[in-house]
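J.: Here it is: the structure, laid out below.
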Amino acid sequence: MAGRSPRSEKSVAKEKLELVEVSPRDGLQNEPEVVSTGHKLALIDHILAAGFARLEAGSFVNPKKVPQMADGPEVFAGLPKQSDATFIALALNLRGVERALEAGAKEINYVFCASDGFSIRNNGGTVEETFAVWPDVAAAAKAGGARLSATISTAFGCPFDGEVAVSQVARVAERCVGQDIFELALGDTIGVGAPSDVRERFRAVKAAIPPHIQLRAHFHNTRNTALANAVAAVEEGVRVLDGSLGGIGGCPFAPGAAGNVPTEDLAYMFARMGFDTGVDLDRAIEAAKFIGGVLGRQTPGMVSRAPKWPG
Ligand code: ZN
């Protein structure tokens, strides 16, 4: 049988690219005014209506340090029971994992840092110290029936220690996969990375961890490099990207951290590049406008302000 069978463009299945919506957690955690649980749940409804299959619903961190996230248990209690979506709970210590499990979380994202300066402020100990509890965290998640992922924050630079070596990121990645995780994320917490950094860091991490572990990238747009970084990550084989609708977000412990990459801008660009993100762009824009309305300001995302294309 010689020759290729003719295939119309329509019949070629598009490659999947998962967009994880983090606005209810990373997007809101730095907001000075506490957003009500009702508004958070309404935002989550908008996110689900836009077709997202996975989202960060809240974090279980010290409520005194991050009052915006104090209602994690109430948010999880209010999630729609019939939804097929995965609601991620973020935790930084064993107590947080236990609280997340008590709240019914089925997926936990546990955060390590690549730098001591940020780790001490964000996670309460040096990078080395925070790994002491890692076996207990993994055991607790397993016993609680939750799947576990890890994020390495400050993987591209630290607001306190400055540049972070690629070799250090790879070392932390190796430590992360010492326990049973299904996914590992690199976070540019303060938005300093450029596409060349993304390539070298993901290459180093891929060389350091088993191939079955899914890779995920988390970019902030502090220096307007996040969309370029997202493309570089996808070119390196990453198929899970975090975004925050409207481009809201920041980190209470990272001075000057600006918003996450706007998810609707990712959704527009990658759809146009031929990926299937599963996201309904019009509804994602509606969700971005909703959260902008709740916060009472214009959000930084661009696509929601541009004319519809194609019209
Ligand atoms: Zn972040």
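The values are calculated or read from the model by the stated rules, or taken from the named source; none is laboratory data. If you're wondering where the values come from, they're calculated on a predicted model, not measured in any experiment. Neighbour counts run over all protein chains shown; Cβ positions are idealised from the backbone, glycine included. For the accessible areas, the whole protein counts, side chains as well, though only heavy atoms, and no ligand, DNA or RNA atoms are used. Shrake-Rupley method; radii C 1.70, N 1.55, O 1.52, S 1.80 Å.
J.: Out of curiosity, is P195 closer than 24 Å to G259 by Cα, within 16 Å of the ligand (Cβ to nearest atom) and open to solvent by 10 Å² or more (accessible area, probe 1.4 Å)?
T.: Working: closer than 24 Å to G259 by Cα: yes; within 16 Å of the ligand (Cβ to nearest atom): no; open to solvent by 10 Å² or more (accessible area, probe 1.4 Å): yes.
Spelling it out, it is not the case that P195 is closer than 24 Å to G259 by Cα, within 16 Å of the ligand (Cβ to nearest atom) and open to solvent by 10 Å² or more (accessible area, probe 1.4 Å).
J.: Can you name the number of the only condition in (1) open to solvent by 70 Å² or more (accessible area, probe 1.4 Å); (2) under 20 Å from K40 (Cα atoms) that R203 fails?
T.: The failed condition is (2).
J.: When the residues of segment 266-305 are filtered to those that are of a type in the set (S, T, Y) and under 20 Å from the mean Cα position of the chain (by Cα), which remaining residue is most open to solvent (accessible area, probe 1.4 Å)? Full working, then the answer.
T.: Within segment 266-305, the first condition is being of a type in the set (S, T, Y), and the residues that meet it are 268, 277, 299, 304.
Now restrict to residues that are under 20 Å from the mean Cα position of the chain (by Cα): 268, 277, 299.
On the way: Y268: 69, T277: 22, T299: 7 Å².
So, considering only residues that are of a type in the set (S, T, Y) and under 20 Å from the mean Cα position of the chain (by Cα), the one most open to solvent (accessible area, probe 1.4 Å) is Y268.
J.: Here is a follow-up. Take the residues in segment 206-217 that are surrounded by fewer than 24 Cβ atoms within 10 Å (Cβ to Cβ) and within 27 Å of I44 (Cα to Cα); name whichever of them is nearest to the ligand (Cβ to nearest atom). Working first, answer last.
T.: Taking segment 206-217 and keeping what is surrounded by fewer than 24 Cβ atoms within 10 Å (Cβ to Cβ), we get 206-216.
Narrowing further to those that are within 27 Å of I44 (Cα to Cα): 214-216.
On the way: Q214: 18, L215: 16, R216: 12 Å.
Looking at the filtered set, the residue picked out is R216.
J.: Considering only residues of segment 91-105 that are open to solvent by 10 Å² or more (accessible area, probe 1.4 Å) and under 18 Å from C176 (Cα atoms), which is farthest from the chain's Cα centre (by Cα)?
T.: Applying the first criterion (open to solvent by 10 Å² or more (accessible area, probe 1.4 Å)) to segment 91-105 yields 92-95, 98-99, 101-104.
Applying the additional criterion that residues be under 18 Å from C176 (Cα atoms) yields 92-94.
Values: L92: 15, N93: 18, L94: 20 Å.
Only one residue tops the list, namely L94.
J.: Please go through segment 218-251 and pick out each residue that is within 11 Å of the ligand (Cβ to nearest atom) and not in a loop (DSSP other than H, G, I, E, B).
T.: H218, F219, H220, A226, D242, G243, S244
J.: Still on this structure, I have one more. From the set of residues in segment 14-39 that are open to solvent by less than 60 Å² (accessible area, probe 1.4 Å) and touching a Cys at 6+ places or on another chain (Cβ under 9 Å), which is farthest from the ligand (Cβ to nearest atom)? If you could, list the steps in order and put the result at the bottom.
T.: Within segment 14-39, the first condition is being open to solvent by less than 60 Å² (accessible area, probe 1.4 Å), and the residues that meet it are 17-29, 31, 35-38.
Okay, now just the ones that are also touching a Cys at 6+ places or on another chain (Cβ under 9 Å), so 26, 29.
On the way: D26: 4, Q29: 9 Å.
Among residues in segment 14-39 that are open to solvent by less than 60 Å² (accessible area, probe 1.4 Å) and touching a Cys at 6+ places or on another chain (Cβ under 9 Å), the one farthest from the ligand (Cβ to nearest atom) is Q29.
J.: Name every residue in segment 50-86 that is of a type in the set (A, V, I, L, M) and open to solvent by less than 50 Å² (accessible area, probe 1.4 Å), in order of residue number. Walk me through how you get there before you give the answer.
T.: First pass over segment 50-86, keeping only residues of a type in the set (A, V, I, L, M): 50, 53, 55, 57, 61, 66, 69-70, 75, 77, 79, 85.
Passing the criteria: A50, L55, A57, V61, V66, M69, A70, V75, L79, A85.
J.: Have a look at I120, I108 and point out the one that is of a type in the set (V, I, T) and crowded, with 19+ Cβ neighbours inside 10 Å. Please lay out each step first, then the result.
T.: On the way: I120 fails: crowded, with 19+ Cβ neighbours inside 10 Å.
Only one candidate qualifies: I108.
J.: Could I ask something else about it? Name the residue that is nearest to P210 (Cα to Cα), counting only residues in segment 138-159 that are open to solvent by 20 Å² or more (accessible area, probe 1.4 Å) and more than 16 Å from the ligand (Cβ to nearest atom).
T.: Within segment 138-159, the subset open to solvent by 20 Å² or more (accessible area, probe 1.4 Å) is 139-140, 142-145, 147, 159.
Still in the list and also more than 16 Å from the ligand (Cβ to nearest atom): 139-140, 142-145, 147.
On the way: A139: 20, A140: 23, K142: 20, A143: 23, G144: 25, G145: 23, R147: 17 Å.
Checking each candidate, the answer is R147.
J.: Now a separate question. K308 fails exactly one of the following numbered conditions: (1) open to solvent by less than 60 Å² (accessible area, probe 1.4 Å); (2) out of contact with any Phe, Trp or Tyr (no Cβ under 7 Å at 6 or more places or on another chain); (3) in a loop (DSSP other than H, G, I, E, B). What is the number of that condition?
T.: Of everything listed in (1) open to solvent by less than 60 Å² (accessible area, probe 1.4 Å); (2) out of contact with any Phe, Trp or Tyr (no Cβ under 7 Å at 6 or more places or on another chain); (3) in a loop (DSSP other than H, G, I, E, B), K308 misses just condition (1).
J.: Here's a check for you: in segment 252-265, which residue that is in contact with a Phe, Trp or Tyr (Cβ under 9 Å, 6 or more places away or on another chain) and open to solvent by less than 20 Å² (accessible area, probe 1.4 Å) is nearest to the ligand (Cβ to nearest atom)?
T.: Ranking the qualifying residues of segment 252-265, first place goes to N260.
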